[in-house]
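Trainee: Structure incoming, see below.
We did not get these values from a lab; they are worked out from the coordinates using the rules stated. Predicted model, so just to flag it, every value in this text is computed and none were measured. Using ideal geometry, Cβ is built from the backbone for each residue, glycine included, and neighbour counts are taken over all protein chains shown.
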Amino acid sequence: MSSITLEIKQITKQFHSDLVLNGLSFQLQKGEIMSVVGPSGSGKTTLLRVLAGLEKPTNGTIYMNGRDVTKQKANRRDISLVFQQPLLFPHMSVEENVAYGAKVSKKYTQEKVDTLLEAIGMTKYRSHFPSEISGGQQQRTALARAMATEPEVILFDEPFSSLDPSLRQGLRYWVRNFLVEQETTAIFVTHDMEEAMIMGDQIAVFQEGKFQQIGAAKVLHESPANMKVASFMGGHLILNDQEYVPLQAIELSSSPFKEDTQTFEGTVEHITYQHGRPIAHIEIKESGAKVPLPLTNDEQLQNEVFLSIPVSSIQRFRGTIDE
Amino acid sequence: MKLSRNSSLLLFIPALLFMSIPLYGLVTAVSQSLSDSGTWTFDYYRQLFQSERFMASLWFSLRTSLAATLLSIILGMAFTRFFHTLLEKMAPRLTVWIPMLFPHFVWGYMVILLLSETGVLSQLALLTGGIADTDEFPILTRDPYGIGIILTYVWKEVPLVILMLLPVYTSIRPEYYALVDTLGGTAWNRFFTVEVPHLLPVLIETILIVFSFTLSAYEVPAMLGTTFPEMISVLSYDWFYGSSWEDRPLAFASMVCVSFLLLVVSLLMYLYLNKARWRAMRGSRS
Amino acid sequence: MKNNKPVFTAVGIVFFIAPLLLLLLQSLSAPWRFQSGYGVDWKLESFRQLIRDPYLWEATWWSILIGFLVLVLNAVVGILTGKALSSYSFKGKPWVEALLLSPILIPVLAIAMGLHLFMIRLGLADTMMGVVIIHLVPTIPYSIKIFHNSYQQMGKALMEQPHILGAGFFTQLFTVELPLLRPALRSVTFLTIVISLSQYAITAIIGGGQVLTLPMVFFPFLENANASLMSAFSLWFAFVPVVMYILVEVILLLLPYSRVPWRNHR
């Protein structure tokens, strides 16, 4: 039986009249990784800062291993936070940066520092200064420094967003594997759904101060709770605030009439190619919504097309947030 | 580091303790200038404004320090503007800081050594036949126009102006200039649309610092000034330390006048700055 | 960019280097009387005379001691206030900043005159501590400004980092903040010591002539010493900040993560 490492109950945070966090609750098992995904400015960073102890929640409680830590200051909590920027101390070498984390949390042993340096592949650069290593190496060092405090939970605030895309891809898998190997409980904040799916066992879609849905990628895709989740996943055509249809159920044709279908007129605006397949970007005349539809074969498309949707494939949002 | 409200306020305690020193000093000076052995009176201020010596001194002080301030600012700004790229290197920067290594009065002494009637320049002029006798050399120190005082202050304050403005100039991103250029702007536009908005807060602060200092410091005018007209600081110091204790309240009153004037000027400048900043903020939001 | 280096060199030599050379040359030679036909008469007499003056050494020690105490108090108040200003945002902060700058906008002479009676009552008049206190007035506003700027440059996020890792207030101060504040500490050292050395009037008022600092010796010298001696004395004033700078530099070496040749890289 796995134990609950982190649990938050009804957390709210208010800045002046803005309710940034609106009654958030969730639990994390030991070793579990949760991605929190949401648009920029939705308050994801605030959530992490509250968890880390940098901000006090307006209301609500935070439990770690069953103990209430809501009033504990950041330097007393067993939570580490890796920021967007690596924020290495410029006057310390790579090794000193990692050792610093261990020393201030009074968990310093030279072997641990060595092991961590080895794990992040920085043994060779241990005496280099942050200004002398690359962005990816800096971010890995920052991660090792956070790990050196032996945190119960480690929080990531878009740690790859300042890196260029090619580096980002590699580092994602590296961090994910690293966390799994170390059996670290983690929360990973990002605005990129793909990154969220790679990093997290569970994905929490966060918008307007609330979790719109928490679940595995498959659940989110197959039964999105509401139109916010669906539009974030991008795999559905949203018909209205009650109903949606998976993109793969939509058929394109040049004639409007078919049995048991709902039909929309559309204009093909672009054809792009992704993962080896052509994608038609279609604007639906009636609603103005834009849908990217994967094309099955290189059929000749006219500019004006009809989208027919079998009535049987139309689904209703579940409207609940639980798995 | 984000501290909780209370511990952050604790950090302000030393500053509060410190601020009580000048505050107490100023309040005492005001109360001394307003009391005649225990009773409230405006008598000293009446005496002050009826005194020709004080009025002449006040006028002379304002004129001298205003001239010194404007010259320092203009020269310092021009210098920074033209040379800020060179000043990023260590050696040129250290060269410019040389006058800052010395107290004002030492620099004043250097000015006397250089420019007095028997000074180095005068002797050189005599030697090269520029003047026939040292009497012909213009009186530049201990002169009735405050030239020596202004010269010393400008020489000493220009490095300070450079020190204050240099970080601002180096922080202006060159893209801004490129932007003005591509939009068809002139050098004039570059200055007023790019530099002035960046410089304004620091510039105003520097003007205030230099003006307050030159208006109220004692050492330089004591060395390079005449007895009439004299700078207000010298007059007040004489009254404070003069032969009779009866003049002390006058010393307080005159210094309070200067303080009041400087406070009003500072307040007006900050109000202007705040308005400008507020406007800039609102502009960036829309 | 047009080449303005020759102009800079010319201006630099005439206005910044020449004055220093003037003092140096004059201090090393007898007072100049060019028109008398004699050349420059080189001698070290002025410096010999200067260092033989017992007042000079007494005043130098007092000046260094006072300067050091003023510096320490400046560092404490400046660092804590600079940190508070950069970590805590509130309404009306620009006004608080302006208020903290105000002691250098009010005539320090007025403040010293006002404090004189108070100092007498506390027994601080005519004492070194009294002089140290009055020297804080024209220095601390600058220090607060310098440290505030430095903290702002470091950024809030870098200050949060040690806190998250578990550092307490003092650990953070000594391991992260002070090492990164080193350039600011150097600027503050120079500024405070030079300003402290520049104070004749307020030192005379509060010290009552009992506290002998260098300006207290320099001013009377003006009346009766010759140009060579005065030039030597003038240069002496630059010597004190240099001593203080070395002192501070040595103290800074004691900070953690200082790199010196004889320290192991571990």
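Trainee: When a/c reaches 1.5 or more, the comparison of a/b and b/c decides; with that in mind, is chain B rounded, prolate or oblate per its Cα gyration tensor?
Mentor: It comes out oblate by the Cα gyration axes.
Trainee: Also, quick follow-up: Loop-only GluC sites (Glu not before Pro) in the stretch A:156-240, please: DSSP not H, G, I, E or B, and at most 10 other Cβ atoms within 10 Å. Write out the running numbers ahead of the final one.
Mentor: Details: sites: A:GLU181, A:GLU183, A:GLU194, A:GLU195, A:GLU208, A:GLU222; in loops: A:GLU183, A:GLU208.
Qualifying residues, ordered by number: A:GLU183.
Trainee: ³J(HN,Hα) across the stretch B:218-224 via Karplus (A = 6.51, B = -1.76, C = 1.60, θ = phi - 60°), whole Hz, x for Gly/Pro?
Mentor: 9, 4, 5, x, 5, 8, 10
Trainee: Among B:THR134, B:THR186, B:THR170, whose mean-square fluctuation peaks in a Gaussian network model of chain B (Cα, cutoff 10 Å)?
Mentor: Between B:THR134, B:THR186, B:THR170, it is B:THR186 that shows the largest mean-square fluctuation.
Trainee: For B:HIS198, C:HIS135, what's the fewest-to-most ordering of other Cβ within 10 Å of each Cβ?
Mentor: Values: B:HIS198 16, C:HIS135 28.
By the 10 Å Cβ count, ascending, the order reads B:HIS198, C:HIS135.
Trainee: To make sure I understand, if each residue's beta carbon is the centre and we count other beta carbons within 10 Å, what order do A:GLU132, A:GLU158 fall in, fewest to most?
Mentor: Ascending Cβ contact count within 10 Å gives the list A:GLU132, A:GLU158.
Trainee: Let me ask something additional. Taking K and R as +1 and D and E as -1, what net charge do the other residues with C-beta under 12 Å from the C-beta of B:VAL161 add up to?
Mentor: Neighbour charge sum, excluding B:VAL161 itself: 0.
Trainee: Once whole DSSP H runs in chain C are found, which of them have Cα atoms spread over 15 Å or more along the helix axis and a mean Kyte-Doolittle score of at least 1.6?
Mentor: Helices meeting the criterion: C:108-122, C:227-253.
Trainee: Looking at B:SER65, A:THR261, B:TRP188, which one has the Cα that reaches farthest to the positive end of the dipole of the protein assembly as shown (charges on Cβ: Lys, Arg +1; Asp, Glu -1)?
Mentor: Positive-most Cα among the choices belongs to B:SER65.
Trainee: List the lysines whose alpha-carbon lies under 27 Å from that of C:LYS93, not counting same-chain residues fewer than 8 positions away?
Mentor: A:LYS13, A:LYS56, A:LYS73, B:LYS2, B:LYS275, C:LYS83, C:LYS145, C:LYS156
Trainee: Using just the helices of the protein assembly as shown, give the 222 nm mean residue ellipticity in deg cm²/dmol: DSSP H runs with n ≥ 4 each add -39,500 (n - 2.57), and the total is spread over all residues, rounded to 500.
Mentor: Calculated from helices alone, the mean residue ellipticity at 222 nm is -17000 deg cm²/dmol.
Trainee: With springs connecting C-alpha atoms under 10 Å apart, model chain A as a Gaussian network and identify which of A:GLN262, A:GLN302, A:GLN138 has the largest mean-square fluctuation.
Mentor: With Cα springs under 10 Å in chain A, the top fluctuation among A:GLN262, A:GLN302, A:GLN138 is at A:GLN302.
Trainee: Right, something else. Cross-chain or 8 or more residues apart, Cα under 22 Å: how many lysine pairs in the stretch A:185-315 fit that? Count them up, please.
Mentor: Summing the qualifying lysine pairs gives 6.
Trainee: If we count trypsin sites (Lys or Arg not before Pro) as exposed when they sit in a DSSP loop and have at most 16 other beta carbons within 10 Å, what is the longest stretch of chain A that avoids them all?
Mentor: A:108-257
Trainee: Still on this structure, I have one more. Can you tell which of A:SER308, A:SER131, A:SER255 shows the greatest fluctuation in a Gaussian network model of chain A with Cα springs below 10 Å?
Mentor: In this elastic network of chain A, the residue with the biggest mean-square fluctuation among A:SER308, A:SER131, A:SER255 is A:SER255.
Trainee: Within chain B, which DSSP H helices have Cα atoms that stretch 15 Å or more along the helix axis and a mean Kyte-Doolittle hydropathy of at least 0.0?
Mentor: B:13-34, B:52-83, B:104-115, B:147-171, B:196-216, B:248-285
Trainee: Now, a different point. At a Förster distance of 35 Å, what's the computed FRET efficiency of C:SER258 paired with B:THR85, Cβ-Cβ distance as r, to 0.05?
Mentor: Numbers: r = 32 Å, r/R0 = 0.91.
Efficiency for this residue pair is about 0.65.
Trainee: What FRET efficiency do you get for B:ARG173 and B:GLN50 if R0 is 51 Å and r is their Cβ-Cβ distance, rounded to the nearest 0.05? All intermediate terms of the calculation are to be shown ahead of the outcome.
Mentor: Numbers: r = 57 Å, r/R0 = 1.11.
E(calc), rounded to 0.05, equals 0.35.
Trainee: Sort B:SER243, B:SER216 so the one with the fewest other Cβ atoms within 10 Å of its own Cβ comes first.
Mentor: Ranking B:SER243, B:SER216 by Cβ neighbours within 10 Å, fewest first, gives B:SER243, B:SER216.
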